Each structure stands twice: as structure tokens, then as C-alpha cells.
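K.L.:
Right, I'll just put the structure down here and ask away after.
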Amino acid sequence: MKKTLPSDSRVIIIGAGPAGLTAAYELIKLGNKPVVVDKSNKVGGLARTEVYRGYRFDIGGHRFYTKVDEVKNLWDEVLSNNFRVVSRLSRIFYKGKFYNYPLNINNTITNLGIVESFLIFFSYIKWKMFPYNEEKTFEQWVTDRFGRRLYNIFFKSYTEKVWGTPCSEIKADWAAQRIKGLSLKTAVVNALFHTNGVKSLINEFHYPALGPGMMWETFQKKIHEAGGKVKINCDVIEINCEENKIKSIVINNNGNSEELTGDHFISSMPVSEFIKKMNPQPAPVIYSAAQNLSYRAMILVGIIVDEKELFPDNWLYIHSPEFKVGRIQNFKNWSREMSADENKTNIGMEYFCSEGDELWALSDDELIALAKTELEGLGISSAKKIGDAVVFRQPKAYPVYDNDFLHNLNIIKEFLGHLENFQTIGRNGMHRYNNQDHSMLTAMLAIRNLLGENHDLWKVNTERSYYEEIKVKKQSPASISEKSNEKIYH
């Protein structure tokens, strides 16, 4: 029998990103008044919107597109008419030329030339006839679907720039999760017939007028209005456990400590940090597994250019290895309201790195100088038109799927599964490269678990059939069967 959650049940949520705020919002609709804590000075996590001198910067570029109806309905419920419909335009910069992405046959052949295009085609045929016996790495997974030649041109350099490691050392799980369903065949079909069955190839999406942070700030407001709390600038310094339950967490707010007790705990903080802060400390094998999880960080250099229009794309992928920048966002092309001055353009130069490495160690001034030099080197703008700039750093932006991550994660999953009043959700809470819709879905299902349902949150974004399970009560068997052929892509 489905149970209800007593209104006086105290639910503590760690993390005020998409997952944590969704969990809190679902709770206030049940009449509960949760407490959310986050160490940052604003809500949204990686999906926050930073503001500098009136210009708005999205940390990563967050499309609002999903095939999970319940998530879409929640977006519409919270922001209603504050969405903009955005036509996607993105290109790849490689060896001095821009390639349309998704693939445009004429553009690609013109840039590559007839000879190179045929070599790519024959390479594709070869690998379809003689694929790898087993796909263990990103390199093997992509090569089997695109051929070795196209892999070397368009996948290898950019992927290694993002992850800082050879593609031969990145697990195939990452590719299977992020670009599943995409192959040279589907890309060509999409280009010729303008089909749109793969999420990586969507050509239109929604975006909040003032950036993704607008969504999460509205969540925060609604939670407060309903009697819940969202406490920012509050770092979790200790997680107190007793037997198989969490009893309380201790937070630090500008030097002032506070202990929060609860009946249920939900966390979207990096699971490695969660394990590290547990009291008593877990067994050495568990602690070691958590600390061996790896992450990539991101630095966004926000630049204000004294030009009304800079380039038509929403974003550019910079595959050329001679440039350190990985991606360039043009925020005016996401929403005109992102810019404080219609006669200027604010862009984001994204640099992927690891905390403590050479890029991360650069000062803000050095990063700004690098970004300006590369922007001019790419031929996008001249130095004399590049004005003010700002730097935003995002640690633990991307969970890394290295050779040992699955082994370490399985140890952690088994350990956390014994905590009776705890659930971990979201990208970093589960060390899964989830999109924000998947992160929100884990939160929604976590609240249903509090009501007596039994959802395995670790299956979200791994099996299409699992998405249908949460719709059974709302759709007929026929409609479910029809939708079972759809897939979730990014």
C-alpha cells in the first residue's frame, strides 16, 4: 500500500542544484518543509547563471530538452511563459575551417575534399566489416560506429582536450551514455532527410529568458514561499551516522557551525566528498574507492566583445589541438536577454582541466590574456574589440569514466545501499554523467521512494525501459508500447 510522508518528517537535502531543488520542490507539494543546504553563494550548481556587470553567463550551456514527460511538465509548471524557443546552430572548428554540426553533407565534403571524404567512407565500411571484438574504450566504441579516419579527425582531439586523457583510456560507458544511437549512418540520414530521432542531433530546444539559473532561482523562491528552507553558503563539514542511519549533518556558515538532525537525508554533493565527511569514517576499502573517483573541472572566461553580432552559432566546438579552449558559447544566441547591451556580445570561452593542473593554476589575469589571444587567433574577433572579462571556475564539473571508476563506484553503491534513511541523486551524487533532466528524474523518484515506491535510481539514464515504468499509471499499454522504441540522447 502506498504510504504518505508525515508533514512533520524532517528531510535534509544536501546540494541546491537541479537534483536537490527538484527533490525539495516535490516535497513541498506533499506539504513537507524540507531544508536544503549548499556551500555555494547561489543555487543551480553547474546549471547556475553567473552575472557580471549585467551580462549573464551560463556555466556550460544548458539546453532544456527532454523526452521525460514528467520533467518537461515540471519545467513548464515552474517557468511557464519564461522560455525561449531556440534554434540550434553549432559548428566544429578544425584546421582553420568550420564544419556544421549536425552534419551537412555539402559543407563537410567541401571542407574535407572529395578524396578525404571517400577515404572516410571506405574507413567506415572497413570498420563495419571488421569491428573490434569487444568495445572497452571510447576509442573502440566510436571507431566501430564512424570508422578510424573520422574518429581521428573529429573525435580524438576534442575528447582528449575535454578529458585530459587518451581516448584509449576512457571507458566505452561514457560514449554509450552520451552519444548512444549516433553513428555515421544516422548522421548522414539526418543530414539528407532532416530527421531528428537522436538527441545529439536535436535542432530546437527551450531556454529560460535569463539563463538556466532563472529556473533554479524560481524553484528556490517557491520552496521558501511554501515554508521550506534553502540555506546557501553552508558547507557540510560532518555527516554523523549511527548504525545504518544518518542522524545529522553539521554545516559551517561563515565560521558558525550548526547541526541539523533529520528523519531522511538526500544528497547530490560529490559522492567522494560525502564519504570523506562521514563520522564514523567508513572502512578503508570504501574510503579509498571514493577518493579514487576522478573529476574534470571547467574554467569559463567570460568576455564582452564590442560587436553587436559576433558569430551566428549558439556554441562552437574547437577541435584544433593548437588551441587550449574547448568550446565557445555565444550567450546572445541563446537568449537576447543574456546581454546587458544589444550593441555588445558576451561569450564564454570554456577550458577543460583538472584541479591543480597547469591551466587551473593560472591566475585570472593570465586566463583572460590566454582567452583573448585565442579568440583573435581563431579569427573570431580582433584584440582591439575585446573589452571587459571575468573568470568563473567550476571544480568537479564532470565525473570521469576512467578504467577503475566502475569498480570503485560499485563498492560505494553497495555501502550506501545499507543506509536506511539516505538516497544519493544527481550527477555528482551518483558519479554519472547525467544531463539536468536525468538528475531531476533521480530526485523525483527519490521522493517517490519515501512514499513507499521502490525505484532503483542507479538505472536512470541507463535503460530506456526504466523511463516507461514511471508512466504506467498515466498511459495506456498501447501508448507505452509505441513509446518504447524511443531513446534518450544528448
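K.L.:
Tell me whether segment 454-471 contains one or more residues that are touching an Asp or Glu at 6+ places or on another chain (Cβ under 8 Å), at pLDDT 90 or above, outside the structural domain of Ile170 (by TED's automatic domain parsing) and surrounded by fewer than 16 Cβ atoms within 10 Å (Cβ to Cβ).
P.N.:
no
K.L.:
While we're on this one: Please identify the pairs in which a residue from segment 421-432 that is within 16 Å of Ala24 (Cβ to Cβ) has its Cβ atom under 6 Å from the Cβ atom of a residue that is in a loop (DSSP other than H, G, I, E, B), counting only partners at least 6 apart or on another chain.
P.N.:
Within 6 Å, the pairs are Ile425/Ser268; Gly426/Ser268; Gly429/Ser268.
K.L.:
Criterion first (buried (at least 20 other Cβ atoms within 10 Å of the Cβ), at positive phi and under 29 Å from the mean Cα position of the chain (by Cα)) does Gly164 satisfy it? Quick ask: steps written out before the conclusion?
P.N.:
On the way: buried (at least 20 other Cβ atoms within 10 Å of the Cβ): no; at positive phi: yes; under 29 Å from the mean Cα position of the chain (by Cα): yes.
Considered against the rule, which asks whether it is buried (at least 20 other Cβ atoms within 10 Å of the Cβ), at positive phi and under 29 Å from the mean Cα position of the chain (by Cα), Gly164 comes out as no.
K.L.:
Kindly indicate the residue of segment 253-272 that is closer than 23 Å to Asp8 by Cα and in a strand (DSSP E or B) and also nearest to the chain's Cα centre (by Cα) among those meeting that condition.
P.N.:
Among those residues, the one meeting the criterion is Ser267.
K.L.:
Find all pairs meeting these conditions: Cβ atoms under 7 angstrom apart; at least six residues apart or on different chains; first residue within segment 210-236 and in contact (Cβ under 8 Å) with a residue 60 or more places away in the chain; second residue in a helix (DSSP H, G or I) and of a type in the set (Gly, Ala, Ser).
P.N.:
Here the result reads Pro212/Ala47; Trp216/Ala47; Ile223/Ala24; Gly228/Ala24, each pair linking segment 210-236 to a residue that is in a helix (DSSP H, G or I) and of a type in the set (Gly, Ala, Ser).
K.L.:
Within segment 139-167, work out how many residues are among the hydrophobic types (A, V, I, L, M, F, W, C), in contact (Cβ under 8 Å) with a residue 60 or more places away in the chain and closer than 15 Å to Asn403 by Cα.
P.N.:
Number satisfying all stated conditions: 1.
K.L.:
What is the number of the single condition among (1) at pLDDT 95 or above; (2) farther than 30 Å from Tyr99 by Cβ that Asn314 does not meet?
P.N.:
For Asn314, the exception is condition (2).
K.L.:
Return the residues of segment 8-20 that are in a helix (DSSP H, G or I) and in contact with a strand residue (DSSP E or B) (Cβ under 7 Å, 6 or more places away or on another chain); say none if nothing qualifies.
P.N.:
Gly20, the sole residue that qualifies.
K.L.:
Any residue that is in contact with a helix residue (DSSP H, G or I) (Cβ under 6 Å, 6 or more places away or on another chain), assigned to a helix (DSSP H, G or I) and surrounded by 14 or more Cβ atoms within 10 Å (Cβ to Cβ) - is there at least one of those in segment 388-408?
P.N.:
Taking every residue of segment 388-408 in turn, at least one turns out to be in contact with a helix residue (DSSP H, G or I) (Cβ under 6 Å, 6 or more places away or on another chain), assigned to a helix (DSSP H, G or I) and surrounded by 14 or more Cβ atoms within 10 Å (Cβ to Cβ).
K.L.:
Filter segment 209-252 for residues that are assigned to a helix (DSSP H, G or I) and either within 25 Å of the chain's Cα centre (by Cα) or not assigned by TED's automatic domain parsing to the domain that holds Leu21 (or both) and give the result.
P.N.:
Gly213, Met214, Met215, Trp216, Glu217, Thr218, Phe219, Gln220, Lys221, Lys222, Ile223
K.L.:
Of Ile109, Ile114, Ile105, Ile125, which residue is at pLDDT below 90, over 30 Å from the mean Cα position of the chain (by Cα) and among the aliphatic types (A, V, I, L, M)?
P.N.:
Ile109
K.L.:
Being at pLDDT 95 or above, in contact with a Ser or Thr (Cβ under 7 Å, 6 or more places away or on another chain) and over 19 Å from Phe93 (Cβ atoms) is the requirement here; does Asn292 meet it?
P.N.:
Working: at pLDDT 95 or above: yes; in contact with a Ser or Thr (Cβ under 7 Å, 6 or more places away or on another chain): no; over 19 Å from Phe93 (Cβ atoms): yes.
Considered against the rule, which asks whether it is at pLDDT 95 or above, in contact with a Ser or Thr (Cβ under 7 Å, 6 or more places away or on another chain) and over 19 Å from Phe93 (Cβ atoms), Asn292 comes out as no.
K.L.:
Name the pairs: first residue in segment 112-137 and in the same structural domain as Lys171 (by TED's automatic domain parsing), second residue exposed (fewer than 14 other Cβ atoms within 10 Å of the Cβ), Cβ to Cβ under 6 Å, at least 6 apart or on different chains?
P.N.:
Thr137/Ser168
K.L.:
Could you tell me whether any residue of segment 288-298 is closer than 26 Å to Tyr99 by Cα and either crowded, with 18+ Cβ neighbours inside 10 Å or in contact (Cβ under 8 Å) with a residue 12 or more places away in the chain (or both)?
P.N.:
Keep residues of segment 288-298 that are closer than 26 Å to Tyr99 by Cα, which gives 298.
From the residues that got through so far, the ones that are either crowded, with 18+ Cβ neighbours inside 10 Å or in contact (Cβ under 8 Å) with a residue 12 or more places away in the chain (or both) too are 298.
Yes, segment 288-298 contains at least one residue that is closer than 26 Å to Tyr99 by Cα and either crowded, with 18+ Cβ neighbours inside 10 Å or in contact (Cβ under 8 Å) with a residue 12 or more places away in the chain (or both).
K.L.:
May I ask you to say which residue of Asn81, Asn73 is more than 17 Å from Glu217 (Cβ to Cβ) and among the polar types (S, T, N, Q)? Working first, answer last.
P.N.:
On the way: Asn81 fails: more than 17 Å from Glu217 (Cβ to Cβ).
Testing whether each residue is more than 17 Å from Glu217 (Cβ to Cβ) and among the polar types (S, T, N, Q) leaves just Asn73.
K.L.:
Just to be sure I understand, how many residues within segment 324-374 are outside any loop (DSSP other than H, G, I, E, B) and among the polar types (S, T, N, Q)?
P.N.:
The number of residues fulfilling the criteria is 6.
K.L.:
Could you tell me whether Ile251 is of a type in the set (Val, Ile, Thr), under 30 Å from Leu450 (Cβ atoms), in contact with a helix residue (DSSP H, G or I) (Cβ under 7 Å, 6 or more places away or on another chain) and buried (at least 17 other Cβ atoms within 10 Å of the Cβ)?
P.N.:
So Ile251 does not fit the description; no.
K.L.:
Taking the residues in segment 339-364 that are charged (D, E, K, R) and touching a strand residue (DSSP E or B) at 6+ places or on another chain (Cβ under 9 Å) as candidates, determine which candidate is surrounded by the most Cβ atoms within 10 Å (Cβ to Cβ).
P.N.:
Here the residue is Glu350.
The values are calculated or read from the model by the stated rules, or taken from the named source; none is laboratory data. Everything numeric here is computed off the predicted structure, so don't read it as measured data. Virtual Cβ from ideal backbone geometry, glycine too; neighbours counted across all protein chains shown.
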